[in-house]
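**Q** First, the structure itself, so that you have it in front of you.
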Amino acid sequence: MLIGQVVEQLYSVDFYRPYIESCKRRIINGKITFEDYDMLDGPIKRDFDGIFALDVLEHIEKNSEDLFMKNILESLDVKGTLIIGMPSLESQVYASEASKIGHVNCKSGNELSEFCKKYFHNVYSFSMNDEVLHTGFYPMSHYLFTLNTNKK
């Protein structure tokens, strides 16, 4: 895991237990902990310096996204940083039918930015095409990122 190489400790959660069990078997690194946990069940009782949720928000029903974010914020240190990454709404015309079934909450670049601004004072938006990260024209982007700091 790339992140595990550059942090003191990495605490990884996913609601899907078979995925977590697979990671525990395959990835042996004393700095990395894996736990099955659903962020919709409540915050993790820690103050994390940073949290990243890549390919998560698009799987959370719109009526639960505020609860998800509230639980993230309660798990994040006051000076912590949150990175969110998700496929863009515009990319879904190219997604497989199986992928579309699970992607219940994709957003446009502006929608993701506005959503994050409800919770953070500083929201920096990026997008990606063909493995190139940029701040360009969001409707042509396949993947979106926000770097969020200074929580409200």
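None of the figures in this text is laboratory data; all of them are computed from the coordinates on show. Because the structure is a prediction, the values reported are computed rather than measured. A quick note on method: Cβ atoms are made from the backbone with ideal geometry, for glycine too, and the neighbour counts reach across all protein chains shown.
**Q** With each run of n ≥ 4 DSSP H residues scored as -39500 (n - 2.57), what mean residue ellipticity at 222 nm is computed for the chain after dividing by its residue count and rounding to the nearest 500 deg cm²/dmol?
**A** Result for the chain, helices only: -6500 deg cm²/dmol.
**Q** Whose amide H sits under 5 Å from the amide H of Ser88, counting only residues 5 or more places off or on another chain, with H placed in the peptide plane?
**A** Tyr143, Leu144
**Q** OK, next. For each pair in Lys45/Lys100; Lys79/Lys152; Lys45/Lys151; Lys62/Lys107, compute the distance between the two Cα atoms and list the pairs where it is over 21 Å.
**A** Lys45/Lys100
**Q** Quick one: pull the percentage of alpha-carbon pairs in segment 47-151 with a separation above 21 Å.
**A** The proportion of pairs with Cα distances above 21 Å equals 31 percent.
**Q** While we're on this one: Rounded to the nearest 5, what is the percent of antiparallel bridges among the DSSP beta bridges in the chain?
**A** The answer is about 60 percent antiparallel.
**Q** Where in segment 65-86 is the amide nitrogen less than 16 Å from a point lying 7 Å along the Cα-to-Cβ axis of Asp38?
**A** Answer for this model: 65-69, 71-72.
**Q** Can I ask one more? Non-local amide H neighbours of Ile51 (under 5 Å, H modeled in plane, Pro and chain starts lacking H): which ones?
**A** Amide H neighbours of Ile51: Thr81, Leu82, Ile83.
**Q** I've got another one for you. When the chain is modelled as a GNM with alpha-carbon springs shorter than 10 Å, which of Gly80, Gly136, Gly50 fluctuates the most?
**A** Evaluated over the chain, the most mobile residue of the options is Gly136.
**Q** Between Lys117 and Lys62, how many nm apart are label points set 7 Å from Cα along the C-beta direction?
**A** Between Lys117 and Lys62, the label points sit 1.9 nm apart.
**Q** If each residue of separation counts as 0.36 nm, what is the full-extension length gain between Asn129 and Ile83 once their alpha-carbon separation is subtracted?
**A** Gain in length upon complete extension: 14.8 nm.
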